[in-house]
Amino acid sequence: MGTTARADKFYDEQVLDRLNTRMRDFVARQEMCFLATSDRHGECDSTFRAGPPGFLQVLDDRTLVYPEYRGNGVLASLGNIEENPHVGLLMIDFLKDRIGLHVNGRARIVSDEEMRRAQPELPVDPVPGRRAQLWVEITVEEAYIHCAKHIPHLQKASAEQRQRQAWGAEHLATARTRER
């Protein structure tokens, strides 16, 4: 589309092969991210990961990890990572900085025990009863900032508002049971 020079300039000036200091600080504040994976055939999946600030841990400028908790049992992301280690993470701050951080890299699945032996300072999740079963370790291949130009400015909902609006797979299962 005639943008080769502009794209080359973007890659030369903005795409890094590591997380710089500002990116590492940004990651440490995030409470959510979007994860893109694909299987060995290139069939894609995009999903959401969340936790308290710091659930994404930067181990060094080329490595970050996040915990995997008990979920719906489908294991689409982990299954895809087993077949194809290439992943993309997108973290967006809708509230303050209104920027996004793209991280593309290679992932591997690590048991909680192995990860904690290697990284004993990793935090324990503050939610009672929630514990990481596995960790996903991502080796950074590309990292770049997504500017605020098209990122909406949102407000965080209170705990009360979130509770009133709660619904999802568990609520749908309960509703289906009632319908039968």
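How do PHE34, PHE26 rank by accessible surface area computed with a 1.4 Å probe, from largest to smallest? Numbers along the way, then the final one.
Working: PHE34 70, PHE26 5 Å².
Highest to lowest solvent-accessible surface, that is PHE34, PHE26.
Within the set of other residues whose C-beta is less than 13 Å from the C-beta of LEU89, count the net charge using Lys and Arg as +1 and Asp and Glu as -1.
Details: positive: ARG49, ARG106; negative: GLU137, GLU141, GLU142.
Overall, the nearby charge balance is -1.
Which sequence of LYS156, LYS149 reflects their accessible areas, 1.4 Å probe, from the largest down?
Values: LYS156 120, LYS149 155 Å².
Sorted descending by solvent-accessible area, the residues read LYS149, LYS156.
Can you sort CYS147, CYS33, CYS44 by solvent-accessible area, 1.4 Å probe, largest first?
Values: CYS147 70, CYS33 0, CYS44 110 Å².
Ranking CYS147, CYS33, CYS44 by accessible area, largest first, yields CYS44, CYS147, CYS33.
What is the spin-label model distance, in nm, from SER111 to GLU43 if the labels are put 7 Å beyond Cα along the C-beta direction?
2.9 nm
Using a cut-off of 15 Å between alpha-carbon atoms, which aspartates and glutamates can reach LYS149, once sequence neighbours fewer than 8 places away in the same chain are excluded?
ASP93, ASP97
How large is the helix-only mean residue ellipticity at 222 nm for the chain, computed as the sum of -39500 (n - 2.57) over DSSP H runs with n ≥ 4, divided by its residue count, in deg cm²/dmol to the nearest 500? Walk me through the intermediate numbers first.
Values: 6 runs with 51 residues, N = 180.
For the chain, the value works out to -8000 deg cm²/dmol.
Treat every Asp and Glu Cβ in the chain as -1 and every Lys and Arg Cβ as +1, leave all other atoms uncharged, and give the resulting dipole magnitude about the Cα centre to the nearest 20 debye. Display every interim value, and only then the final one.
On the way: 25 positive and 27 negative charges, 155 e Å.
Approximately 740 debye in magnitude.
Given the whole protein assembly as supplied and a 1.4 Å probe, what does the accessible area of VAL74 come to in Å², nearest 10?
VAL74 has an accessible surface of roughly 100 Å² with all protein chains in place.
Suppose every K and R has +1 on its Cβ and every D and E has -1 on its Cβ; what is the size of the dipole of segment 1-90 about the Cα centre, in Debye to the nearest 20? Before the final figure, lay out the partial values.
Working: 10 positive and 14 negative charges, 60 e Å.
Result for segment 1-90 is approximately 280 debye, rounded to the nearest 20.
Could you point to the label whose value was computed as Rg and Dmax of the Cα atoms in Å for the structure here, given (i) 18.0, 60; (ii) 15.1, 43; (iii) 15.3, 46?
The value computed from this structure is option (i).
Using 16 Å as the cut-off for backbone N distance, which residues of segment 1-44 belong to the label zone defined by a point 7 Å from the Cα of GLU121 along Cα→Cβ?
24-25, 28-29, by backbone N distance to the label point.
In the neighborhood of VAL136, defined by Cβ-to-Cβ distances under 12 Å, what is the net charge if each Lys or Arg adds +1 and each Asp or Glu adds -1? Show your work: numbers first, answer last.
Working: positive: ARG49, ARG106, ARG108; negative: GLU68, GLU82, ASP112, GLU137.
Net local charge, VAL136 excluded: -1.
So how tilted is helix 4-13 from the main axis of the chain? Cα-based, degrees 0 to 90, rounded to 10.
The answer is roughly 80 degrees.
Which aspartates and glutamates does LYS96 reach when only Cα atoms under 17 Å apart count, and residues fewer than 8 places away in its own chain are ignored?
Partners found: ASP25, GLU31.
Highest GNM mean-square fluctuation, the chain, Cα pairs closer than 10 Å: which of VAL15, VAL87, VAL127?
VAL127
The values are calculated or read from the model by the stated rules, or taken from the named source; none is laboratory data. These figures come from a predicted structure and were not determined experimentally. Neighbour counts are summed over all protein chains in view; Cβ atoms, including those assigned to glycine, are modelled from backbone coordinates with ideal geometry. Just so you know, the surface numbers come from the protein's heavy atoms only, side chains and all, with ligands and any DNA or RNA stripped out. Shrake-Rupley method; radii C 1.70, N 1.55, O 1.52, S 1.80 Å.
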